[in-house]
Amino acid sequence: MTLNDILAGIEPLDDQWSRRAAAERTERLVMPPRALGRLHDIGERLCAISRGLDPRVDEKAVLVMAADHGVAGNGVSAYPQEVTGAMVTTFLAGGAGINAISRHVGARVRVVDVGVIPDIETSGTDPGLLHVEKVGRGTADFTQGPAMSREDAEKSVMIGFERASALFKEGLDILGTGDMGIGNTSPSAAVGMAITGKGSDEMTGPGTGVDAAGLERKKEAIRRGLELNRPDPKDGLDVLSKVGGFEIGAIAGSILAAAFHKKPVVVDGFISTAGALIAHALSPASVGYMFAGHCSREPGHVHMLGFLGIEPILSLGLRLGEGTGAALAMGVIEAAVKVFKEVMTFEEAGVPDP
């Protein structure tokens, strides 16, 4: 299957029947009209996604895409690049933030190495937790030229699509996106600026916690990269290849997989939403299958979400990435399903309907 086949196979959200029928059930639930607010909206959209009134989110997983970045050499991160590989090892050992939160909500964690510089040591861990499909060992420095070739950009998208598709074929109901890559808030901000048209002050934040001088270096690196490479905002692969990252492309591919298989996908924070912007540029219909897990403290995230027209489920001041916000939001999404399916109607409860 080619990328063009995938894009041709993504259907717009069908809410002409399912969502209307879902809203009719919501109106009969034994409570004041829409008393549980956005939980009703979430449940109804899940019905639209599933094309029916029996949405399921029992089987959950978070796909953490990992890669390194050439732009990190410009002093844009507070952490050294070696942390990327070390954190992947921590994911595999079950000791990172995403592992703890995923255990809490009953989600599996799977990691895909699409471009980490070192080879990851996997001895003593479940080999099924890590998929090694390196497009390259880190991207090129986009302040000196394109981050990757167009062919590698498409390859990263296809890897994400295939990894997510494999999970859906195994029975996955809902996917969360996650990331790991030191320096990756810089390509994410660049993708955000290229597609939304926002400026560097609006889109660029401290990421891992750079100081004021580091933030200025970061903004300057992103401006240089955009001026040099001039990505086309209407061409998702062009933006990805010019200033993106391998994990951003893989996240975009996993979102396209959810839309293709008519499954919900919970987009995590700033980096994942850069992937969502690429997915949207390739297939505007894919946004119908996206839920925004949360709004990050990175200043550009709110502008990305506004461009996509999706409202975050949570706002907890998170800025870790890894898929943590997506996993947390899965608990809320599951609650919405339970409300929709398990709360009695006035008729079922024998309560007079006002």
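The values are calculated or read from the model by the stated rules, or taken from the named source; none is laboratory data. Here the structure is a predicted model, which is why all the values come from computation and not from measurement. Note that each Cβ is placed from the backbone with ideal geometry, even for glycine, and that neighbours are counted across all protein chains shown. Heads up: the accessible areas ignore ligands, DNA and RNA and are worked out on the full protein's heavy atoms, side chains in. Shrake-Rupley method; radii C 1.70, N 1.55, O 1.52, S 1.80 Å.
Working carefully through the options Arg108, Arg150, find the one that is touching a Leu at 6+ places or on another chain (Cβ under 8 Å) and in contact (Cβ under 8 Å) with a residue 12 or more places away in the chain. Write out each step before concluding.
On the way: Arg108 fails: touching a Leu at 6+ places or on another chain (Cβ under 8 Å).
Selected residue: Arg150, the only one of Arg108, Arg150 that is touching a Leu at 6+ places or on another chain (Cβ under 8 Å) and in contact (Cβ under 8 Å) with a residue 12 or more places away in the chain.
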Just checking, does the stretch 299-316 include any residue being crowded, with 24+ Cβ neighbours inside 10 Å, in a loop (DSSP other than H, G, I, E, B) and of a type in the set (Asp, Glu)?
no
Quick one: Gly176 ticks every box in (1) touching a strand residue (DSSP E or B) at 6+ places or on another chain (Cβ under 6 Å); (2) part of a helix (DSSP H, G or I) bar one, so which box is it?
(2)
Only one of (1) surrounded by fewer than 17 Cβ atoms within 10 Å (Cβ to Cβ); (2) under 18 Å from Ile195 (Cα atoms); (3) not aliphatic (A, V, I, L, M) is not met by Ser286, so which one is it?
(1)
Restricting attention to the stretch 109-121, does a residue exist that is open to solvent by 50 Å² or more (accessible area, probe 1.4 Å) and out of contact with any Gly (no Cβ under 9 Å at 6 or more places or on another chain)?
no
So the helices (runs of 4 or more DSSP H) completely within the stretch 29-111 holding 1 or more residues that are farther than 22 Å from Glu133 by Cβ and among the aliphatic types (A, V, I, L, M) are 38-50, 97-105
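Mind listing whichever residues of the stretch 144-171 are in a loop (DSSP other than H, G, I, E, B) and surrounded by fewer than 24 Cβ atoms within 10 Å (Cβ to Cβ)? Give the steps one after another, and end with the answer.
Kept after step one, since they are in a loop (DSSP other than H, G, I, E, B), are these residues of the stretch 144-171: 144-149, 170-171.
Passing the criteria: Gln144, Gly145, Pro146, Ser149, Glu170, Gly171.
State yes or no: is Glu170 at pLDDT 95 or above, acidic (Asp, Glu) and within 18 Å of the chain's Cα centre (by Cα)? Give the steps one after another, and end with the answer.
Numbers: at pLDDT 95 or above: yes; acidic (Asp, Glu): yes; within 18 Å of the chain's Cα centre (by Cα): no.
It is false that Glu170 is at pLDDT 95 or above, acidic (Asp, Glu) and within 18 Å of the chain's Cα centre (by Cα).
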Here the qualifying pairs (Cβ atoms under 9 Å; residues six or more apart or on different chains; first in the stretch 187-198 and within 13 Å of Lys218 (Cβ to Cβ); second of a type in the set (A, V, I, L, M) and open to solvent by 10 Å² or more (accessible area, probe 1.4 Å)) come out as Pro187/Ile271; Ser188/Ile271; Ala190/Leu226; Met193/Leu226
Can you say whether Asp5 is free of Cβ contacts under 8 Å to residues at least 40 places away in the same chain and not aromatic (Phe, Trp, Tyr), as far as the supplied structure shows?
yes
Odd one out for Ala213, checked against (1) under 27 Å from Pro80 (Cα atoms); (2) at pLDDT 95 or above; (3) of a type in the set (A, V, I, L, M, F, W, C):
(2)
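Quick grid of which residues meet (1) touching a strand residue (DSSP E or B) at 6+ places or on another chain (Cβ under 8 Å); (2) under 18 Å from Lys338 (Cβ atoms); (3) outside the structural domain of Met344 (by the TED database); (4) surrounded by fewer than 22 Cβ atoms within 10 Å (Cβ to Cβ):
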residue	(1), (2), (3), (4)
Trp17	no, no, no, yes
Arg20	no, no, no, yes
Pro33	no, no, no, yes
Glu44	no, yes, no, no
Glu82	no, no, yes, yes
Val105	yes, yes, yes, yes
Quick check on the stretch 299-336: of everything there that is modelled with pLDDT of 95 or more and of a type in the set (D, E, K, R), which residue is farthest from Asp201 (Cα to Cα)?
Glu334
Confirm whether Ile278 is aliphatic (A, V, I, L, M) and open to solvent by 20 Å² or more (accessible area, probe 1.4 Å).
no
